Amino acid sequence: MSSTTVDSGATPDTTEQDWASPFAVRPRLVLASALMLFLELALIRWTGSNVVHLSYFSNFVLLGSFLGIGIGFLRSGRARRLPFYSPVALAALVGFVAWRPVTVDQSGSDIVHFTSLATTGPSAIVILPVVFLASAVVLAGPAELVGRCFRELPRLTAYRYDLVGSVAGIVAFTGLSFLGAPPIWWGLVVTVLFCVLLVPGRRLVATVVAAAVVGVPLLVLLGVLFTESTEDNLRWSPYYKIETAEQEWQDTPITTISANGVPHQNVIPAETRLKWSPQYGLPYERAANEPKEVLIVGAGSGTDVAIALRNGAEHVDAVEIDPGLLEIGRERHPDRPYADPRVTTHVDDGRAFLSRTDKKYDLILFALPDSLTLVQGASSLRLESYLFTEEAFSSAREHLTDGGAFAMYNFYREDWLIDRLALTAEAAFGHKPCVDALDDELRQAVITVGLQPSGQTCAADWQGAAADTPPPATDDRPFLYLFTDRIPTMYLVTVGLIVAAGVLAVGLFGGGGSYRRMRPYTDLFLLGAGFMLLETKSVTGFALLFGTTWLVNAIVFAGVLVAVLAAVEVTRRFRTPPLRVMYVVLFAGLLLAWLFPDSWLLSMPVPLRAVVAVTIAFLPIFAANVVFAKRFTDTEDGTASFGANLLGALVGGCLEYVGMLVGFDGLLVVAALLYVGAFLLRPRTAAVPA
């Protein structure tokens, strides 16, 4: 088939023409694709801020979005009306979640999450299916609009403009995140795009009806978001919805900070904190030498920094990933630690900061670095996951002065978790650490280890880890809170339900004969699953190499789309090798990524590391998308083939959890197996399009 062939379809009747958009197909496609990506990111961000379960299942909305997008493409050739259901579903979802936000405890025998001890709002078995299904319905609308455009353009031309719109959506959302814009701005962007795309403007009656159907739910949406965005005690950082409250406890005024609905920090004078909780001063007692140069990772609102200054620190590097928490500390901490000339603040990921600095410290302190959220695009990677690996502790050791010490404290809640961290410190430093654990429900513990045994002064010898303590977490499997070497049951059940819901939904709502239409494109389905694993590997790899910050994450997503766009442009403009040869290039790229893992790149200078990392990560992505572009060009049914690819991405998102079992590097093997299947199932001769 020539790449200029357009899908055939029935001639639209008069009623269908009444609802046609007045915009030309190319700008309409760009706008619809931008809406699709922007809306997906906004839903992930907003629902995760109001439903605590989603702080630990961030890809739940992503998978629902993929399901909806796949169904939208399948419906696009048969729907006779514009998808007015999408803004209605969006308003209903936002209204319901705003009415019944959820704060829950998420701890169990297999996996530990530090969240609120109280449970409010609907239970997980109610709210998670609601969010998943609603996300699918919401995203099906923009996908249906994109699918309609695909039917009016040559295959690769449509895909090209789809990618341009997707990049625009990511850039727009990233820009608003950079500016700290509250959700009302997200809602305004979505409202404008929905109105442009869903109000036809050709016939008066159709325009009035569409404006009413679209306008009412979007006004409800804006009303809910405006109310939330204008609350005096709320602010939005790139990671959290931060809520502050002024309280008085034991005649001391304090500021409480909640992040995404979970109690997170208290702004308390250092003197009061040490009086109430003397263990916060233990790192300075256990360190054999008085620390002068101190690094604090997880500086937050500043109390830990103030304690360091009280203990004689001459200079403190305060590293905090969230600029919102730092700002609260500057504004409200009574000790004004961030105004002290001895303190230098760094908005950065702690592991990334260690990899970029040559400075050495008398004390490195990990001060309650519990992020409460996952990295978008990685189903099991938390913001702080790479801080608690054996390699991270070794990096801290390399930044200690002679006689220096490393310490950390938190509320660990589980004895095995304390033992695991102490065991990690022992493995990294070569001798047993000091372990001070409180015998209470929250199991707060302080772990301190000197560069040499002489650099620490323990109250009592640590007796060692229990026999069933998991081994230290590693950069390849940075799952500190995972007790077993298996995938936790709650994840298996969740993935099973997602797949079952997807199979049922495609059959019911994807249009007649959906599975029959997609059957010839099983190889494209597997290509979608493999691509999703490559994207996950890129996200986790760049998070390790350059930090788990929102900016790095956004750059990776945009970079992946640019690599895909480059593959499409190369396929459109040049004569590319046959599919068989491109599969060889793809497998060579996967082998290269396997032979040179991220741990090898960490030893490189940052500029060289960036160049090599981009080359290794994006080579297989580029090759895989040349394969897809060549195959997509020769399909008979453009929307069914693209829908199959998107539904494959849904399965790939579920397969991300296999990383808990085989590690992130092992995902390359899983992706390779999927690509082998796609290669074997490819058509032996090009199809003749209708």
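The values are calculated or read from the model by the stated rules, or taken from the named source; none is laboratory data. What you see is a predicted model, and the numbers here were worked out from it, not measured in a lab. With ideal geometry, Cβ positions are generated from the backbone for all residues, glycine too; neighbour counts draw on all protein chains shown. For the accessible areas, the whole protein counts, side chains as well, though only heavy atoms, and no ligand, DNA or RNA atoms are used. Shrake-Rupley method; radii C 1.70, N 1.55, O 1.52, S 1.80 Å.
One table, with the values for the structure above:
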{"quantity": "Note, ³J(HN,Hα) from phi for region 625-633, Karplus 6.51, -1.76, 1.60, rounded to Hz, x at Gly and Pro", "calculated": "7, 5, 4, 4, 4, 5, 5, 5, 4"}
{"quantity": "Long-range HN-HN contacts of Arg382 with modeled amide H, under 5 Å", "calculated": "Val375"}
{"quantity": "Bins of 10 Å from zero: percent of alpha-carbon pairs in region 188-275", "calculated": "14, 28, 21, 15, 12, 7, 3, 0"}
{"quantity": "Surface share of carbon and sulfur [accessible, 1.4 angstrom probe, percent] for the chain", "calculated": "62"}
{"quantity": "Net charge dipole size for region 574-677 [Lys, Arg +1 and Asp, Glu -1 on Cβ; Debye, nearest 20]", "calculated": "300"}
{"quantity": "FRET efficiency estimate (nearest 0.05) - Cβ-Cβ, Leu438 to Val606, R0 56 angstrom", "calculated": "0.90"}
{"quantity": "Length gained when the stretch Ala500-Thr484 is fully extended (0.36 nm per residue, less Cα-Cα span)", "calculated": "3.2 nm"}
{"quantity": "Exposure of Tyr491 as accessible area (Å², to 10), given a probe of 1.4 Å and all protein chains", "calculated": "10"}
{"quantity": "Lysines whose Cα lies under 16 Å from that of Lys359, excluding same-chain neighbours fewer than 8 positions away", "calculated": "Lys292"}
{"quantity": "Accessible-area value, Thr522, 1.4 Å probe, nucleic acids and ligands omitted, Å²", "calculated": "60"}
{"quantity": "Convex hull projection area averaged over all views, the chain, Cα basis, nm²", "calculated": "29.3"}
{"quantity": "Computed [θ] at 222 nm, helices only, for the chain once each DSSP H run of length n ≥ 4 contributes -39500 (n - 2.57)", "calculated": "-18000 deg cm²/dmol"}
{"quantity": "Dipole axis of the chain (+1 Lys, Arg; -1 Asp, Glu on Cβ), positive-most option in Pro183, Val214, Leu533", "calculated": "Val214"}
{"quantity": "For region 274-282, Karplus couplings with θ = phi - 60° (6.51, -1.76, 1.60), whole Hz, Gly/Pro x", "calculated": "5, 6, 6, 9, x, 4, 5, x, 4"}
{"quantity": "Residue-level accessible surface for Thr256, protein heavy atoms, 1.4 Å, Å²", "calculated": "30"}
{"quantity": "FRET efficiency, Arg516 to Leu673 (Cβ-Cβ, R0 25 Å, nearest 0.05)", "calculated": "0.40"}
{"quantity": "5 angstrom amide H check on Gly403, placed H, neighbours 5+ away", "calculated": "Leu451, Gln452"}
{"quantity": "The chain, dipole about Cα centre (Lys/Arg Cβ +1, Asp/Glu Cβ -1), debye to the nearest 20", "calculated": "3580"}
{"quantity": "Helix 522-546 axis, angle to the chain major axis (alpha carbon atoms, nearest 10°)", "calculated": "30"}
{"quantity": "Partners for Lys360 among aspartates and glutamates (Cα-Cα distance below 12 Å; same-chain residues under 8 apart left out)", "calculated": "Glu293, Asp317, Glu398, Asp402"}
{"quantity": "Cβ charges +1 (Lys, Arg) and -1 (Asp, Glu), total dipole of region 620-690, debye", "calculated": "200"}
{"quantity": "Relative contact order for the chain, counting Cα pairs under 8 Å that sit 6 or more residues apart, in percent", "calculated": "16"}
{"quantity": "Selected from Ile498, Val435, Thr389, residue furthest toward positive end of dipole (the chain; charges at beta carbon)", "calculated": "Ile498"}
{"quantity": "Cα-projected label distance for Glu152 with Cys195, points at 7 Å along beta-carbon direction, nm", "calculated": "2.2"}
{"quantity": "Given 11 as the ceiling on other Cβ atoms within 10 Å, longest exposed-site-free region of the chain for trypsin sites (Lys or Arg not before Pro) in DSSP loops", "calculated": "81-574"}
{"quantity": "Cysteines without a disulfide-compatible neighbour (Cβ-Cβ under 4.7 Å), the chain", "calculated": "Cys149, Cys195, Cys654"}
{"quantity": "Sequence-distant residues sharing a close amide H with Gln456 (under 5 Å, placed H)", "calculated": "Ala288, Gly450"}
{"quantity": "Average accessible surface area per residue within region 169-287, 1.4 Å rolling probe, Å²", "calculated": "46"}
{"quantity": "Paramagnetic label zone (point 7 Å from Cα along Cα-to-C-beta, Phe587; backbone N under 14 Å) in region 610-634", "calculated": "none"}
{"quantity": "Cβ-Cβ FRET estimate between Thr344 and Ala467, R0 fixed at 41 Å, reported to 0.05", "calculated": "0.40"}
{"quantity": "Residue (of Thr272, Asn260, Leu139) at the positive-pole extreme of the chain, dipole from beta-carbon charges", "calculated": "Leu139"}
{"quantity": "Distance (nanometres) between label positions extended 7 Å along Cα→Cβ at Val171 and Arg81", "calculated": "3.6"}
